[in-house]
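Right, one structure below, let's go through it.
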Amino acid sequence: MADSGTAGGAALAAAAPAPGPGSGGPGPRVYFQSPPGAAGDGPGGADDEGPVRRQGKVTVKYDRKELRKRLNLEEWILEQLTRLYDCQEEEIPELEIDVDELLDMESDDARAARVKELLVDCYKPTEAFISGLLDKIRGMQKLSTPQKK
């Protein structure tokens with residue numbers, strides 16, 4: 001950093017690195033550097049110490065834990081479908097099991113009926129897969145993109 005010799009620069013440099021995994025910290029901080037004399041620097045423009053840094057906000061749309069659960073679920077679904085259809089992943093018939101659609105449904109019976117409908121061309125028994133899927137999605141949250149106001 002160019003201004004790491006100043007007291008303000010050293011404090012910012014110490015706060016910038018992201019905490020390690022499992023540290024329980026609030027996460028990485030993001031700083032935006034304003035050009036000298038830019039609006040928002042306060043009266044008189046930039047300080048004599050160099051450019052002013054403001055802490056910015058970064059929003060995260062999805063919870064990392066929920067994303068990990070969803071990824072694990074999708075990998076499990078692919079594994080189960082390759083077993084049900086006795087084929088490689090690339091050879092699975094074109095079907096889309098939309099977890100968010102299932103989560104929107106009122107009951108497990110409606111969810112089971114929808115999945116059974118999607119697997120209509122599978123010649124192996126699908127009951128174990130369907131009940132396993134329903135168990136895994138129980139308690140999951142939808143990952144739909146939030147609406148902008």
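The values are calculated or read from the model by the stated rules, or taken from the named source; none is laboratory data. Since the model is a prediction, treat every value here as computed from it, not as a measurement. Neighbour counts are summed over all protein chains in view; Cβ atoms, including those assigned to glycine, are modelled from backbone coordinates with ideal geometry. With ligands, DNA and RNA removed, areas are computed over all heavy atoms of the protein, side chains included. Shrake-Rupley method; radii C 1.70, N 1.55, O 1.52, S 1.80 Å.
Where only protein heavy atoms count, and the probe is 1.4 Å, what is the accessible area per residue for segment 73-120 in Å²?
The answer is 64 Å² per residue.
Net charge near LEU102, counting Lys/Arg +1 and Asp/Glu -1 over other residues with Cβ under 9 Å of its Cβ? Intermediate results must be reported in sequence, preceding the final value.
Numbers: positive: ARG111, ARG114; negative: ASP98, ASP100, GLU101, ASP104.
Computed value for this residue: -2.
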